[in-house]
1. So which of Gly307, Gly301, Gly271 ends up being at pLDDT 95 or above, surrounded by fewer than 20 Cβ atoms within 10 Å (Cβ to Cβ) and assigned by TED's automatic domain parsing to the domain that holds Leu181?
2. Show the residue pairs meeting these rules: Cβ distance below 6 Å; 6+ apart or different chains; first residue within region 380-396 and under 15 Å from Val57 (Cα atoms); second residue assigned to a strand (DSSP E or B).
3. Checking the structure you have, find out if any residue of region 363-381 is modelled with pLDDT of 95 or more, of a type in the set (D, E, K, R) and not in a helix (DSSP H, G or I).
4. If we scan region 248-259, do we find a residue that is at pLDDT 95 or above, more than 14 Å from the ligand (Cβ to nearest atom) and surrounded by fewer than 14 Cβ atoms within 10 Å (Cβ to Cβ)?
5. Just checking: which of the helices (runs of 4 or more DSSP H) contained wholly in region 127-231 hold 2 or more residues that are over 22 Å from Leu259 (Cα atoms) and in the same structural domain as Asp290 (by TED's automatic domain parsing)?
6. Residues to consider are Arg401, Arg415, Arg407, Arg350; find the one that is crowded, with 22+ Cβ neighbours inside 10 Å and either assigned to a helix (DSSP H, G or I) or not assigned by TED's automatic domain parsing to the domain that holds Arg89 (or both).
7. Go through (1) more than 16 Å from the ligand (Cβ to nearest atom); (2) touching a Lys or Arg at 6+ places or on another chain (Cβ under 7 Å); (3) aliphatic (A, V, I, L, M) one by one and return the number of the condition Ala393 breaks.
8. Condition first: away from the ligand (no atom under 16 Å from the Cβ), out of contact with any Leu (no Cβ under 6 Å at 6 or more places or on another chain) and of a type in the set (D, E, K, R). Can you find one or more residues in region 363-373 that meet it?
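The values are calculated or read from the model by the stated rules, or taken from the named source; none is laboratory data. Values in this document were obtained by computation on a predicted structure and should not be read as measured data. When we count neighbours, we look across all protein chains shown, and the Cβ atoms used for this are built from the backbone with ideal geometry, even at glycine.
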Amino acid sequence: MIEMLPRSHRFAWLSAKMTLAMPRNVQSHTISLNPTLYCSVSPMSTASRAVPVPNAVNIDDLRELARRRVPRIVFNYIDGGAEGEFTLRENRRIFDDVTLRPRQAVPVPNLNLHTRVLDTDLSMPLLLAPVGYCRVMHPDGEIAAARAAGKAGTAAILSTVSGHSLEEVKAATTGPAWFQLYLTGGRAAAENALHRAQATGYNVLVITIDTTVIGLRERESRDGMEQMLRGNLWSRIPFVPQVLARPRWLVRFLLDGGLPDMPNIVTPDRGVLRVRDAHTAIKRTAFFWDDIAWIRDLWKGPIVIKGVLTAEDARKAIDSGAQGVVVSNHGGRQLDFAPPTLRVLPEIVRAVNRQAEVLLDSGIRRGTDIVKAICLGASAVLCGRAYIYGLAAAGEAGVTRALQILRADLERTLRLLGCSSIADLDRSYVEIPACWQRH
Ligand code: FNR
């Protein structure tokens, strides 16, 4: 029933019932409509609260704003890592091992941050990483992220597990867009998504290979993620106060109709996947190397394999026909004690031997991080939490602020290094620990 209502009328209906964590189509079967509850409210909030400069000077400041503005369960979904969070911590710490070697007093009248990766022009060497369930962080979710990326002249990579359809997201951005594939929902769902993504103009396919099972994110378990997504009313009750503690977020969430479905995962027998079923579905349908042949047949453009951490897998990716790899440990959310990506980057760059593009993510929070990755051989980086903190804090304005921070960092760092172009960065601008040289 609620699907038949204009979005602007859903809030009164939903708030009367306060079934905040139920998927829309569950509500539609269980609740009848009371027309007297209708009121005219504006559609999902697009007005983002400000991210004023003194409060958001760096990405950690955006993280703090996000922590204060979304419920604990949502913040920890974004911020948390797997198990003891060793890899999550190492992803940041490893950047401290590499120092910079500036060429002083070199004038840099014209700075060039432009980068081209797989026929995609980027105004800086940075793309937005695929992040699932963004619509729970902010109703504008992936649309806000893609729009901000487009305005900043860079590309957003849309996750399969998005609450907005791939058509809506592509239409929202003036920039290029890549699509990230999970086999959630099985091959039929993947085929449907691939056809739609190609027809809509996504130009690169990213296949994530590090999710044969979902990592154990202990913070999510403690916050009641399982109970909130799949539990009954009684099992949810202990976890409701954290949601009520963020009324602004709650109002936006209810206005948006509660938990979103997954419009990019459509199976012939079950239709659009519900968010509560997504984790179970992904467990059953992880990607294995054998799958790449049929994907290769369906997808005509470049393919990038995301989640590569060894030279062996980098070679496998190239041998299977990929044009790029992302050195990634999923932001420390999957295998704890997987290596920090900057540490394995040189090994992978050597193994790839210029036969494919090498990108890197996991831990990027500053422009100096980006510069270090490029000096060690990456063509560009993906940032995940860096923009997601902004999204959770303030929607599109927050993503824009994150991108401004990283761009300003990059410009300042290059000028201080005495280097006028991203293309000129190389090993000579970094000092790496002696033990890294031996491998
Ligand atoms: C992710 N990541 C991810 N990756 C992917 O291929 N598909 C996905 O749906 C998601 N979802 C997701 C949700 C959240 C909340 C996070 C934080 C991350 C991983 C993401 O693409 C990227 O690899 C990491 O975020 C990079 O690490 P940083 O930049 O967050 O430290």
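1. Gly301
2. Final answer for the pair search is Tyr387/Leu128.
3. Just the residues of region 363-381 that are modelled with pLDDT of 95 or more, to begin with: 363-381.
Keeping just the survivors that are of a type in the set (D, E, K, R) gives 365-366, 369, 372.
From the residues that got through so far, the ones that are not in a helix (DSSP H, G or I) too are 365-366.
Checked against the condition, which is being modelled with pLDDT of 95 or more, of a type in the set (D, E, K, R) and not in a helix (DSSP H, G or I), region 363-381 yields at least one hit.
4. Taking every residue of region 248-259 in turn, at least one turns out to be at pLDDT 95 or above, more than 14 Å from the ligand (Cβ to nearest atom) and surrounded by fewer than 14 Cβ atoms within 10 Å (Cβ to Cβ).
5. In region 127-231, the matching helices (runs of 4 or more DSSP H) lie at 141-151, 186-200.
6. Step by step, each of Arg401, Arg415, Arg407, Arg350 is checked, and only Arg401 is crowded, with 22+ Cβ neighbours inside 10 Å and either assigned to a helix (DSSP H, G or I) or not assigned by TED's automatic domain parsing to the domain that holds Arg89 (or both).
7. Ala393 satisfies all of (1) more than 16 Å from the ligand (Cβ to nearest atom); (2) touching a Lys or Arg at 6+ places or on another chain (Cβ under 7 Å); (3) aliphatic (A, V, I, L, M) except (1).
8. Taking every residue of region 363-373 in turn, none turns out to be away from the ligand (no atom under 16 Å from the Cβ), out of contact with any Leu (no Cβ under 6 Å at 6 or more places or on another chain) and of a type in the set (D, E, K, R).
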